Amino acid sequence: MVGVAAAALSGLWLVRFHLSEPLTASDFLDYCAAVASLTDGHPEWWPLKRSRLPGLPTAWLRPRVGLVDALLLNAAAGTALMFAALHLWGSALAGRVGGLATVAVALTMSPLVLQARMLTFYPMVNAALALAAAGAAVAARTRSVAGLAFAGLGIGVALLADVRALIWALPCFGVALLVAVFAAGAARTRAARAVALVLPVAGSFLLGPAVYPAAAYPLEKQLDVRPLYALHGSQHPAVQPPYLYPSDYVWGRTPLADLPLTVGFLLEQSAFEPPDDVEFYAPQGLKVRQVAPWTDALGWTLPLALVLLVRRPWQLWAFAGAALPYAVALRGMADLVEIYPRFLTQGLPAVAIAGGVAVGVVWRWAPWQRLGRSGPVVSWALAAGLLALVVLGVAPTPLSPTAYWRAPWAPVLQELYEVGQALRSPTGGRPGDPETPCVQAITADRERLGVEWSALVPFSDSVRTNYSGELGAVPSSRLGDQPGNAPPSAPPAGAVNGP
């Protein structure tokens, strides 16, 4: 219920404050081809950086609603599942008020809200990552066989959702394994907990080849920052090809014995500093408005939550382990060459869970908890009322969607417009063109359903917003004299945010 309510609030109301168009479609050609590959029987169209698992709902939805609305509904469902997992994660660590507060804090973060309008698989992937974290927290809270089985299931699903999920899944598995082996209980109970944890993960490994193509890009290739730095102007010898890798990790296709090599490579990448001659496309204003407020918030909420959980060692361990990859990802955003909302969605949950845990633990000390039978009722009413006031912006707090420091994101629609141009072209999508799968799929949908793009949101590529000549850039008339915003001509398409 909380997940569905939060997703509805995001997609129907809050998104209006944070996005200047009805939707955003980063890498639209990738996801469009992925859906067409699943529904039209063209495995050669599948984008090799993606897992098939988060795209399966779109394959079921597309014959009913069309490709674009299938992606939109898939995003809404993934957003609901992510908020539900965040609620479970916070509740397992700090009670139900902690879970509700975690969701409330998440709803104040524009990238997490925008997921409901992203035509990508990111919402489903992020739901799987949050489910793994929630599973680790449930395992630490219950220390039962069922709790460990749930943790194993969440971790297994995350590993099937995206190759990069290994970064989030490994700490969660480590937390759950320590709970299984070292939490109080007879030897037989500990063995049963360990088996319950490992079995779903082992099953997930066996399913890996079904969701990752044989030619899938390995994790090392996807996360290697050297080609990106070279692409953005660096001439430093350390970022020039050839690029060699100690392993080629793809879940279910790579021997588990190679995992230490993969982890070693990831540690090297995390310590790799951007060369001085890299041309950063993310303007300083974008980092000041969209990244710095949340990294600053993490700087004080994370230590506070750790201190408040110190008397609950298993919950403390679960919080620290599962939140660590999110926190590292968020801290690394300041060094990114390009910043997009989808990148931030895989770091911001650290702030949400830290803030939710802090609120949940402190709330238990509130004086109205000692009002006898009416205490819980008063507590829940006050908690829900306060959180609603903050999230909806009724109270003029810094977390309001209309707070002075906020700036909405410009949509990334360039590839979607390219598909629209190909649809209007007399030749259509020609064999070998990257737009061809999308053109063929959307043409078939229009003939069958009679809907131009979407029946759910009012979008048309025939009326293009004037973004100063750049798709995704902000009109100069809207920038005004806001401090920290770069001129709209500075970054590439989709990399500017406006006030």
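The values are calculated or read from the model by the stated rules, or taken from the named source; none is laboratory data. Please read these numbers as outputs of a predicted model, since none were measured by experiment. Reconstructed Cβ throughout: ideal geometry from the backbone, glycine too, with neighbour counts over all protein chains shown.
The number of residues in the stretch 221-236 that are touching a residue at least 40 places away in the same chain (Cβ under 8 Å), surrounded by fewer than 17 Cβ atoms within 10 Å (Cβ to Cβ) and closer than 13 Å to residue 275 by Cβ comes to 4. Summed over the stretch 1-47, residues that are among the polar types (S, T, N, Q), under 22 Å from residue 127 (Cβ atoms) and not in a helix (DSSP H, G or I) total 2. Of the helices (runs of 4 or more DSSP H) that lie entirely inside the stretch 68-181, those containing 2 or more residues that are under 30 Å from residue 20 (Cα atoms), at pLDDT 95 or above and among the aliphatic types (A, V, I, L, M) span 110-114, 122-142. Say whether the condition of being touching a strand residue (DSSP E or B) at 6+ places or on another chain (Cβ under 9 Å) and touching a residue at least 40 places away in the same chain (Cβ under 8 Å) is met by at least one residue in the stretch 130-137. No, because not a single residue in the stretch 130-137 is touching a strand residue (DSSP E or B) at 6+ places or on another chain (Cβ under 9 Å) and touching a residue at least 40 places away in the same chain (Cβ under 8 Å). Residue pairs whose Cβ atoms lie under 6 Å apart, sitting 6 or more positions apart in sequence or on different chains, and linking a residue in the stretch 314-334 that is closer than 19 Å to residue 293 by Cα to a partner that is of a type in the set (S, T, N, Q) and crowded, with 20+ Cβ neighbours inside 10 Å, are 329/346. Determine whether residue 180 is in contact (Cβ under 8 Å) with a residue 40 or more places away in the chain, surrounded by 24 or more Cβ atoms within 10 Å (Cβ to Cβ) and farther than 19 Å from residue 222 by Cα. The answer is yes for residue 180.
Within the group 293, 242, 209, which residue is at pLDDT 85 or above, under 21 Å from the mean Cα position of the chain (by Cα) and not β-branched (Val, Ile, Thr)? Every option except 293 fails the conditions. Of the helices (runs of 4 or more DSSP H) lying entirely inside the stretch 187-259, those containing at least 1 residues that are more than 19 Å from residue 50 (Cα to Cα), small (Gly, Ala, Ser) and touching a helix residue (DSSP H, G or I) at 6+ places or on another chain (Cβ under 6 Å) are 187-211, 226-231.
For the stretch 398-424, a tally of residues being surrounded by 13 or more Cβ atoms within 10 Å (Cβ to Cβ) and either at pLDDT below 85 or outside any loop (DSSP other than H, G, I, E, B) (or both) returns 10. Criterion applied to 371, 298 was being exposed (fewer than 15 other Cβ atoms within 10 Å of the Cβ) and modelled with pLDDT under 95, and the one residue passing it is 371. Scanning the stretch 266-285 for residues that are without any contact (Cβ under 8 Å) to a residue 60 or more places away in the chain, part of a helix (DSSP H, G or I) and either surrounded by 13 or more Cβ atoms within 10 Å (Cβ to Cβ) or of a type outside the set (A, V, I, L, M, F, W, C) (or both) yields a count of 2. Can you tell me which residue is nearest to residue 117 (Cα to Cα) among those in the stretch 54-99 that are out of contact with any Pro (no Cβ under 6 Å at 6 or more places or on another chain) and polar (S, T, N, Q)? Here the answer is 58.
Looking at the structure I just gave you, is residue 288 in a helix (DSSP H, G or I), at negative phi, of a type outside the set (Gly, Ala, Ser) and surrounded by 20 or more Cβ atoms within 10 Å (Cβ to Cβ)? Considered against the rule, which asks whether it is in a helix (DSSP H, G or I), at negative phi, of a type outside the set (Gly, Ala, Ser) and surrounded by 20 or more Cβ atoms within 10 Å (Cβ to Cβ), residue 288 comes out as no. Look at the stretch 381-397 and say how many of its residues are loosely packed, with under 14 Cβ neighbours inside 10 Å and assigned to a loop (DSSP other than H, G, I, E, B). Of the residues in that region, 4 qualify.
Per this entry, residue 209 is counted among residues that are loosely packed, with under 15 Cβ neighbours inside 10 Å, farther than 30 Å from residue 141 by Cα and not small (Gly, Ala, Ser). Restricting 347, 332, 299, 285 to residues that are more than 15 Å from residue 137 (Cα to Cα) and touching a Lys or Arg at 6+ places or on another chain (Cβ under 8 Å) narrows the list to 347.
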